[in-house]
Ligand code: ATP
Ligand code: MG
């Protein structure tokens, strides 16, 4: 079997949190080993779909780039680039919109959630977000998309778009597979464990940021909401404890069951302390490398430029084929 073509995108919000790290970034680092290529895109064009400040977007963009490199993405082993540097994404968005059902976009949970939180304007961009996301992936004929569980519906939609394109215009696009980690695909807000940890719409005290100082991490985990019981075990009625077990399992690289047996009979206070130390240890090497990498914006730009060039070469070929199949521009076969 040939190696998978892996693609994933991440928003340049800068304040990436533990959910992003465990659900997505950790998978990216592993994907570099088996993807050929493994392609990671920082999606600035997605970020403009909600209220934002232009100068801040640029700053947060560099923060995000440095976080990804600090976490272990290596431009020698992956393609890391800025979405807006490869214009093919926006062109393909429009072309794919011709085979995207308006009714499907209307059903997207993320649009419903995020649109209800907008104060000034619910942009058409927010509604169109999944089409741009489909273009991101389909432009590279990617076979695998490592994401967190919240992206399931968007990946299903891009699969539908690819299938509809191929049926209507002939095989040109690849129907990608969704990949979520076995543990940690949905890290929950520490203060509200029924809700996913999130950049938008989560509680500040319940969100651990990758760049939080150790003391802030300890404080947030120390005040994590649990339940009135006393057993450290996973369960439907134990959302808070289940979330903490998953976090510690990932931090230590062990099975959640191993955490349950280790903490059998332990109190919640001691358990939370252990989770905090696990997270501090998980993130401290990332902090150190981030501090080295973030100040050199020219080096960050150089890495991104190298990535964009490689990405463009792949995307341009797909676009040529898509345009040709759709009857856009002069025929390629003449
Ligand atoms: P926003 O709320 O603005 O959409 P976000 O926190 O979802 O921000 P993104 O940059 O959109 O951040 O997501 C990057 C990746 O992180 C995606 O693959 C997403 O599925 C994953 N992810 C986001 N939140 C979680 C979470 N709580 N647990 C696991 N994975 C997550
Ligand atoms: Mg998101």
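The values are calculated or read from the model by the stated rules, or taken from the named source; none is laboratory data. Please read these numbers as outputs of a predicted model, since none were measured by experiment. Every residue, glycine among them, receives a Cβ derived from its backbone with ideal geometry; neighbour counts consider all protein chains shown.
State whether one or more residues within the stretch 116-139 are free of Cβ contacts under 8 Å to residues at least 24 places away in the same chain, within 15 Å of ligand 2 (Cβ to nearest atom), buried (at least 19 other Cβ atoms within 10 Å of the Cβ) and closer than 20 Å to residue 171 by Cα.
No, every residue in the stretch 116-139 fails to be free of Cβ contacts under 8 Å to residues at least 24 places away in the same chain, within 15 Å of ligand 2 (Cβ to nearest atom), buried (at least 19 other Cβ atoms within 10 Å of the Cβ) and closer than 20 Å to residue 171 by Cα.
State the number of residues belonging to the stretch 313-327 that are closer than 18 Å to residue 37 by Cα and touching a helix residue (DSSP H, G or I) at 6+ places or on another chain (Cβ under 8 Å). Quick ask: steps written out before the conclusion?
Initial filter on the stretch 313-327 (closer than 18 Å to residue 37 by Cα): 313-318.
Within this subset, residues satisfying the condition of being touching a helix residue (DSSP H, G or I) at 6+ places or on another chain (Cβ under 8 Å) are 315-316, 318.
Of the residues in that region, 3 qualify.
Quick check on the stretch 1-25: of everything there that is surrounded by fewer than 22 Cβ atoms within 10 Å (Cβ to Cβ), away from ligand 2 (no atom under 16 Å from the Cβ) and in contact (Cβ under 8 Å) with a residue 60 or more places away in the chain, which residue is nearest to residue 130 (Cα to Cα)?
5
Over 19 Å from residue 243 (Cβ atoms), buried (at least 18 other Cβ atoms within 10 Å of the Cβ) and within 14 Å of ligand 1 (Cβ to nearest atom): is that true of residue 181 in this structure? Working first, answer last.
Values: over 19 Å from residue 243 (Cβ atoms): no; buried (at least 18 other Cβ atoms within 10 Å of the Cβ): yes; within 14 Å of ligand 1 (Cβ to nearest atom): yes.
So residue 181 does not fit the description; no.
Only one of (1) surrounded by fewer than 20 Cβ atoms within 10 Å (Cβ to Cβ); (2) within 13 Å of ligand 1 (Cβ to nearest atom) fails for residue 208. Which number is that?
(1)
Would you mind stating whether residue 238 is in contact with a helix residue (DSSP H, G or I) (Cβ under 6 Å, 6 or more places away or on another chain) and more than 30 Å from residue 12 (Cβ to Cβ)? Outline the logic, then answer.
Numbers: in contact with a helix residue (DSSP H, G or I) (Cβ under 6 Å, 6 or more places away or on another chain): no; more than 30 Å from residue 12 (Cβ to Cβ): yes.
No.
The rows are residues; the columns are (1) part of a loop (DSSP other than H, G, I, E, B); (2) in contact with a strand residue (DSSP E or B) (Cβ under 6 Å, 6 or more places away or on another chain); (3) in contact (Cβ under 8 Å) with a residue 40 or more places away in the chain; (4) farther than 27 Å from residue 191 by Cβ.
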{"position": "227", "(1), (2), (3), (4)": "yes, no, no, no"}
{"position": "254", "(1), (2), (3), (4)": "yes, no, no, no"}
{"position": "278", "(1), (2), (3), (4)": "no, no, no, no"}
{"position": "281", "(1), (2), (3), (4)": "no, no, no, no"}
{"position": "315", "(1), (2), (3), (4)": "no, no, yes, yes"}
{"position": "318", "(1), (2), (3), (4)": "no, no, yes, yes"}
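Considering only residues that are under 18 Å from residue 283 (Cα atoms), without any contact (Cβ under 8 Å) to a residue 60 or more places away in the chain and touching a strand residue (DSSP E or B) at 6+ places or on another chain (Cβ under 9 Å), which ones fall in the stretch 190-212?
206
Would you check if residue 184 is on the phi > 0 side of the Ramachandran plot and either touching a strand residue (DSSP E or B) at 6+ places or on another chain (Cβ under 6 Å) or assigned to a loop (DSSP other than H, G, I, E, B) (or both)? Steps first, please.
On the way: on the phi > 0 side of the Ramachandran plot: yes; either touching a strand residue (DSSP E or B) at 6+ places or on another chain (Cβ under 6 Å) or assigned to a loop (DSSP other than H, G, I, E, B) (or both): yes.
Taking the combined requirement at face value, the residue satisfies it.
Exactly one of these conditions fails for residue 200: (1) within 30 Å of residue 319 (Cβ to Cβ); (2) exposed (fewer than 15 other Cβ atoms within 10 Å of the Cβ); (3) near ligand 1 (Cβ under 10 Å from one of its atoms). Give me its number.
(1) is the only condition that residue 200 fails.
Just for helices (runs of 4 or more DSSP H) wholly inside the stretch 1-82: which have at least 2 residues that are within 11 Å of the chain's Cα centre (by Cα)? First the steps, then the outcome.
Working: elements: 26-34, 44-47, 54-71.
The qualifying helices (runs of 4 or more DSSP H) are 26-34.
Farther than 30 Å from residue 88 by Cβ and not in a helix (DSSP H, G or I): does that describe residue 265?
Working: farther than 30 Å from residue 88 by Cβ: yes; not in a helix (DSSP H, G or I): yes.
The answer is yes for residue 265.
Would you be able to say whether some residue in the stretch 236-247 is closer than 30 Å to residue 289 by Cα, within 16 Å of ligand 2 (Cβ to nearest atom), in contact with a strand residue (DSSP E or B) (Cβ under 8 Å, 6 or more places away or on another chain) and not in a loop (DSSP other than H, G, I, E, B)? Reasoning before the result, please.
At the first step, the residues of the stretch 236-247 found to be closer than 30 Å to residue 289 by Cα are 243-247.
Restricting the remaining residues to those that are within 16 Å of ligand 2 (Cβ to nearest atom) gives none.
Looking through the stretch 236-247, none of the residues is closer than 30 Å to residue 289 by Cα, within 16 Å of ligand 2 (Cβ to nearest atom), in contact with a strand residue (DSSP E or B) (Cβ under 8 Å, 6 or more places away or on another chain) and not in a loop (DSSP other than H, G, I, E, B).
Pick from 255, 192, 246: which is within 15 Å of ligand 1 (Cβ to nearest atom), surrounded by fewer than 21 Cβ atoms within 10 Å (Cβ to Cβ) and at pLDDT 95 or above?
Details: 255 fails: within 15 Å of ligand 1 (Cβ to nearest atom); 246 fails: surrounded by fewer than 21 Cβ atoms within 10 Å (Cβ to Cβ).
The conditions single out 192.
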